[in-house]
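What follows is calculated from the coordinates using simple rules that are stated; it is not laboratory data. In this text the structure is predicted, and so the values were computed from the model without any measurement. When we count neighbours, we look across all protein chains shown, and the Cβ atoms used for this are built from the backbone with ideal geometry, even at glycine.
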Amino acid sequence: MDISGFQKGQHSGPGSGSRFFGLRLKFMVFFSLILIMTCSSLSWYFIEARRKSMTDNLEELGSILLTNTVHNEHFRIAGIVLEDRVTLGQFMQSLMALDHVVYVVIAAADGRILARQTKRARSRSNGSHGSPEQPIFPNDRISETLLQTPLIVPLSTRLVLSAEQTFVPQDESSDWLLPFWVRKETLYDFAMPVLRTFSTEMSLSRLSVELGETLGPTLSTDTPSVIGLVRIGITDAQARQTLLVIVRDVSILTALIIVSGILGAHLLTSRITTPLRSLARAVRQLAEGNDAPMTLAPSTNDEVGELTHMFNAMTQSLHDRNQAITNNLNTIRRQVRQLTTVHQASAAIAGANMFDMDRLLDTLLQLLSENLRFSKMAVVLYHPEQRYCSVARMIGVSPEIADAARRIEIPVHDDSITADLLIHGKPLLIHDIEAVAERVHPPILELLRRFGTRSVVCVPLQSHAKILGYLDGSRGSQPCNDEDLHILLTIAGHVAAAIDNAKAYSDLTELTQHLEDRIEQRTEELSRANAQLQDHDRRRSTFLSVVSHELRTPMTAIRSFAENMLDGITGPLTELQHTYLTRIQHNVARLGRIIAQLLDWSRLDTKKTEFRMEEICIRRVATIALDSLQMIAAEKNVSLGITSIESLPPVQGDRDKLEQILVNLLGNAIKFTSPGGRITVEFCESPPGLVQTCVTDTGCGIDSAHLPNIFDEFSRVPSPMPTAQGAQLGLWITKTLVTMHQGSIWVESQPGIGSRFYFTLPIAAPQFDSGRTT
């Protein structure tokens, strides 16, 4: 048990020489503070509530006295209006008879004092004993203010007696900062004007009639006027005396409660801390190394007594646990050695050369044998196709015996030990070899007997749900135990993974070598095929060039002779001769176009066409193309036209190539348009930044099923005019030239109505460099 934390706490205890505050003192101080604060707060709250209640009663008394006096009809008429001294004296005496009333002042509307009395007086300034005392009344500032303001509720003002023995407002004195039991006497001055109301006016009218004279002016408005003033002073002297008695009684009661609480807390903490001190002494002895179980007698039946019982149980448990820890230390050391072996085996597997399985197995077996104290160990690999296993590596024996063991093929039968290991995947701990001798292969049993082996532990080597073999070990004549089985089971997974990885690396190396050989072979074949293709392409280009050159010379002679004969140079021709010569001339021209297309196709296919880019007006190029084909169109009675458009932006392109594009499209339109038809070229600006050209004809049209293939090279698209078809390269050349200008081309056609070929070109911009070869 780790008790260092308890020992650290003991080092700071009372025995260490440092200042120590016991639990009893801390509890007493804390409880006393809480008790004092609670009782004091409750006492203060009770006293303050009583003081507030007394103050409210005094203010309520003053308000009632003043309101009843002012609203008394007899007082207002006889006392204020008629200024009857007898009536005023009666009211004055009735008010002054009250103990709380200090003074009464009754004034007229003009501020004259009609009557006043006071219970407070001050001596003369000369200080002579025989001189009469001077009565003290409040000043007239409040009276003057109220005579000007017709209030209907009393005005309350707190006054105190100043050092000059005059009544001043409490907020002008410094006594209000002191506690109430130290302050001077406080007077509550209640003042209220006497108003001349309608009922007063009616009473005066009746009285005037009875007396036969006018007693005052009548009310001219509904607003009441001030006819007098009454002020009453109420003292808090008796209330303060009563409150001081309450303070004294409450203070005594609070002190008794606090003393009783502290005494009770002292007794309670004594019952708690005494057993705890006994426990502390016992714990200190444990901290000093006394391992003998200690028993303390519980002094109470409460939680402290239960803690004592638990401490006794804890000391006994600590004693038992220390004994168990001592017994387990050797086991822990042995397990640490085994775990170290596992770690070293894992490190050896991680750093081993996976291509050398024999060296890997030798390293692992040597490491396991040294750390786990096995005298002999072996790794047996399983060959499931042949249903047998063989010893891959073995240590602890001579090299001759290890070689002989590796040559033994151990069959895997259903009732053999190898079947339990390699088929069912069961780990085995064999305490006595002779008990299972009939299940062991005879040559292996002979080897075990020669070595003097009595006990063997075997675990299967399994990786990715596949059993690769098994690992076994023995201690000679010493028996193996369950710990040996468990440690080998832990290591078997790492060994199986290493063997599986080594096999995978070997298979991968073999596969990589095979793939490299195949790739090298395929590379040679592709190189030869590429060389043949390049030679075929070169021969094709040479053939086309030679054929076109060789064909043009006789074609020129044939065309010249045919033209001369048609012109009549050789003499007159019959109609049949003229027809034949015309056909010859037509087919020679057709053959020339086919040769030109083949040359263009060859150049475009080998990307040897040169472009000279410049800003060009596409409408002018179209006009030139139309002019060059005007004669051919006239021969077929086909009209050509251009739809004019204003402010058409120039395009970026090669002038000759653009003219070739238009000539190809217009030539096709002429060929496939019947006599009397019309061909039109239209232009428009197509956003963004493109100029669109459309060649429209009224020819035979194209079937929609053949439109997707119309721009393919050598496309065999059927036509109702087969005599007009050529090498089927014109549209492919046209599309290639448009695409190389960063444009696009498409067609819309309906059989029997005509076709519309569209292509777009970018508006003049530096898309190509001058003289660029594509």
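Which number do you get for Rg(Cα) / (2.2 N^0.38 Å) in the range 401-462? List each step's numbers first, then the result.
Values: Rg = 11.6 Å, N = 62, 2.2 N^0.38 = 10.6 Å.
Against the compact-globule rule of thumb, the ratio is 1.09.
If we count every other residue with Cβ under 12 angstrom of Asp414's Cβ, Lys/Arg +1 and Asp/Glu -1, where does the sum land? Walk me through the intermediate numbers first.
Values: positive: Arg387, Arg439; negative: Asp415, Asp420.
Local charge sum for Asp414: 0.
Under a 5 Å amide H to amide H cut-off, with H placed in plane at 1.01 Å, what residues pair with Ile408 once short-range neighbours are removed?
Val391
Using 0.36 nm per residue, how much length does the chain from Asn709 to Arg612 gain when fully extended, once their Cα-Cα distance is taken away?
Separation in residues times 0.36 nm, less the Cα-Cα distance, equals 31.9 nm.
Beyond a 22 Å Cα-Cα separation, which of these cross-linked pairs lie in this structure: Lys657/Lys735; Lys376/Lys466; Lys426/Lys466; Lys52/Lys119?
Details: Lys657/Lys735 11 Å; Lys376/Lys466 26 Å; Lys426/Lys466 13 Å; Lys52/Lys119 25 Å.
Among Lys657/Lys735; Lys376/Lys466; Lys426/Lys466; Lys52/Lys119, the Cα-Cα distance tops 22 Å for Lys376/Lys466; Lys52/Lys119.
Would you kindly derive the ³J(HN,Hα) couplings of the range 481-495 from the backbone phi angles with the Karplus curve 6.51 cos²θ - 1.76 cosθ + 1.60 (θ = phi - 60°), listing them in order in whole Hz, with x for Gly and Pro?
10, 5, 5, 4, 5, 5, 5, 5, 4, 5, 7, 4, x, 5, 5
Could you check the simple spin-label distance between Glu48 and Ser527, using points 7 Å along Cα→Cβ, in nm with one decimal?
For Glu48 paired with Ser527, the spin-label model returns 10.7 nm.
Could you sort the peptides 327-334, 339-346, 189-196 by per-residue average Cβ neighbour count (10 Å cutoff), highest mean leading? Intermediate values should be presented prior to the final figure.
On the way: 327-334: 10.2, 339-346: 14.9, 189-196: 23.4.
The peptides rank, most packed first, as 189-196, 339-346, 327-334.
How much length, in nm to one decimal, is gained on full extension between Cys684 and His343, taken as 0.36 nm per residue of separation minus their Cα-Cα distance? List each step's numbers first, then the result.
Numbers: separation 341, 0.36 × 341 = 122.76 nm, distance 8.17 nm.
Net length gain for the segment: 114.6 nm.
If you build the Cα gyration tensor of the range 310-438 and take the root of 5 times each eigenvalue, what three semi-axes come out, in whole angstrom, biggest first? Can you show the working numbers first?
Details: eigenvalues 318, 91, 39 Å².
After scaling each eigenvalue by five and taking roots: 40, 21, 14 Å.
Along the range 529-538, what does the Karplus equation 6.51 cos²θ - 1.76 cosθ + 1.60 (θ = phi - 60°) give for ³J(HN,Hα), rounded to whole Hz, x for Gly and Pro?
Rounded to whole hertz, the list is 5, 5, 5, 4, 5, 5, 5, 5, 5, 5.
Check Arg158: other-chain or 5+ apart residues with amide H under 5 Å from its amide H, H built from backbone geometry?
Here the answer is Gln170, Asp189, since their amide H atoms fall under 5 Å of that of Arg158.
Along Cα→Cβ, 7 Å out, is where each label goes; now give me the distance between the ones at Gln750 and Ala404 in nm to one decimal.
It works out to 10.2 nm between the two label points.
If packing is taken as the mean number of other Cβ atoms within 10 Å per residue, what is the order of 266-272, 642-648, 671-677, highest first? Intermediate results must be reported in sequence, preceding the final value.
Working: 266-272: 13.4, 642-648: 10.1, 671-677: 16.7.
Those peptides, ordered most packed to least, come out 671-677, 266-272, 642-648.
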